[in-house]
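Worksheet: one structure, shown below.
The values are calculated or read from the model by the stated rules, or taken from the named source; none is laboratory data. What you see is a predicted model; the values in this text were computed from it and never measured. Here the Cβ positions follow ideal geometry from the backbone for every residue, glycine too, while neighbour counts run over all protein chains shown. The area values use the complete protein model at the heavy-atom level, side chains included, leaving out ligands, DNA and RNA. Shrake-Rupley method; radii C 1.70, N 1.55, O 1.52, S 1.80 Å.
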Amino acid sequence: MKSFCATCCRPTNHKVLKEEKVSSADETGWWDESKYQIIQCLGCDTISFRKLYNDVSYQSGFDEDMTTQELFPKRGPHSRPIKSYRNLPVEIKKVYQETIDAYNNELPLLASVGIRAVLEAICVEKKVEGGTYVNKNGKAIKSKKLDGKIYGLLEKGLLTPNNAELLHELRFLGNAAIHELTTPGLSKISLALDIIELVIENIYIARRKAHQLRSSRESK
């Protein structure tokens, strides 16, 4: 039986590394069986967990296999892998991982709130408490809300102007989820996660790699 692999992002063949069977029956002839398996993808070697359930009462008069499977961690065609981000501060990584978990478990409201929380966590880690922007009337406005913090990241040189505009879209998404309980679709959440991952990579990963290259060049 094929199972969806979160690394390969498609159903693949797996081999069973370990299996435990649990079955039960009663006097009416009803019988069921559950198999708890540690499985490994034959494409990428990723190891995960699978539960197979078979209820013979559903198979009366049918020749096809009625076995159902449940995968752990939960995953499917919409799911996203959790990126390792080795150099990401622990507090931000924790919020990011929980946000991906919410998305993969099809909890879009919590996922959208989580995306905003990742952005807030980045501001806390970078000690950005606010910023200044120019409103539609040309007046400079100081703000300690999230809109101001985004401009604060820009003022510190941690964001490009284009990335700052992208983050405002995440702010709008989070505001709608928190204040209006508006539930976005998974496709919108996926796009928002693309943006927040891009920001994480720009602020934490790319800068560290650039520093490593500079240090290597200067040492020569």
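Taking first residues from region 101-120 that are among the basic types (Lys, Arg) and partners that are in a helix (DSSP H, G or I), the Cβ contacts under 8 Å between residues at least 6 apart in sequence or on separate chains come to 116/146; 116/170; 116/171; 116/173; 116/174; 116/175; 116/177; 116/178.
Flag: residue 215 matches the condition of being open to solvent by 40 Å² or more (accessible area, probe 1.4 Å) and over 19 Å from residue 134 (Cβ atoms).
Residues of region 69-99 that are among the β-branched types (Val, Ile, Thr) and modelled with pLDDT under 90: 82 alone.
Does residue 214 satisfy the condition of being out of contact with any helix residue (DSSP H, G or I) (no Cβ under 8 Å at 6 or more places or on another chain) and touching a residue at least 40 places away in the same chain (Cβ under 8 Å)? No: the conditions fail for residue 214.
Return yes when residue 140 is open to solvent by less than 40 Å² (accessible area, probe 1.4 Å) and either small (Gly, Ala, Ser) or within 18 Å of residue 89 (Cβ to Cβ) (or both) and no when it is not. Against the criterion (open to solvent by less than 40 Å² (accessible area, probe 1.4 Å) and either small (Gly, Ala, Ser) or within 18 Å of residue 89 (Cβ to Cβ) (or both)), residue 140 does not qualify.
Taken over region 141-164, the criterion of being in a strand (DSSP E or B) and at pLDDT below 90 is satisfied by 141 alone.
Check region 166-178 and report whether any residue there is open to solvent by 80 Å² or more (accessible area, probe 1.4 Å) and without any contact (Cβ under 8 Å) to a residue 60 or more places away in the chain. For region 166-178, residues open to solvent by 80 Å² or more (accessible area, probe 1.4 Å) and without any contact (Cβ under 8 Å) to a residue 60 or more places away in the chain: present.
Of all the criteria given as (1) modelled with pLDDT under 85; (2) in contact with an Asp or Glu (Cβ under 8 Å, 6 or more places away or on another chain); (3) over 21 Å from residue 171 (Cβ atoms); (4) not hydrophobic (A, V, I, L, M, F, W, C), the one not satisfied by residue 133 is (3). Scanning region 1-41 for residues that are more than 16 Å from residue 69 (Cβ to Cβ) and within 26 Å of the chain's Cα centre (by Cα) returns 7, 8, 9.
The set of residues in region 153-165 that are in contact with a Lys or Arg (Cβ under 9 Å, 6 or more places away or on another chain) and either of a type in the set (Val, Ile, Thr) or within 24 Å of residue 191 (Cβ to Cβ) (or both) comprises 153, 158.
Could you tell me whether any residue of region 189-204 is open to solvent by 40 Å² or more (accessible area, probe 1.4 Å), part of a helix (DSSP H, G or I) and either more than 20 Å from residue 83 (Cβ to Cβ) or among the small types (Gly, Ala, Ser) (or both)? No - not one qualifying residue is present in region 189-204. Could you tell me which of the residues 90, 124 is over 11 Å from the mean Cα position of the chain (by Cα), surrounded by fewer than 16 Cβ atoms within 10 Å (Cβ to Cβ) and free of Cβ contacts under 8 Å to residues at least 24 places away in the same chain? Going through 90, 124 in turn, just one is over 11 Å from the mean Cα position of the chain (by Cα), surrounded by fewer than 16 Cβ atoms within 10 Å (Cβ to Cβ) and free of Cβ contacts under 8 Å to residues at least 24 places away in the same chain: 90.
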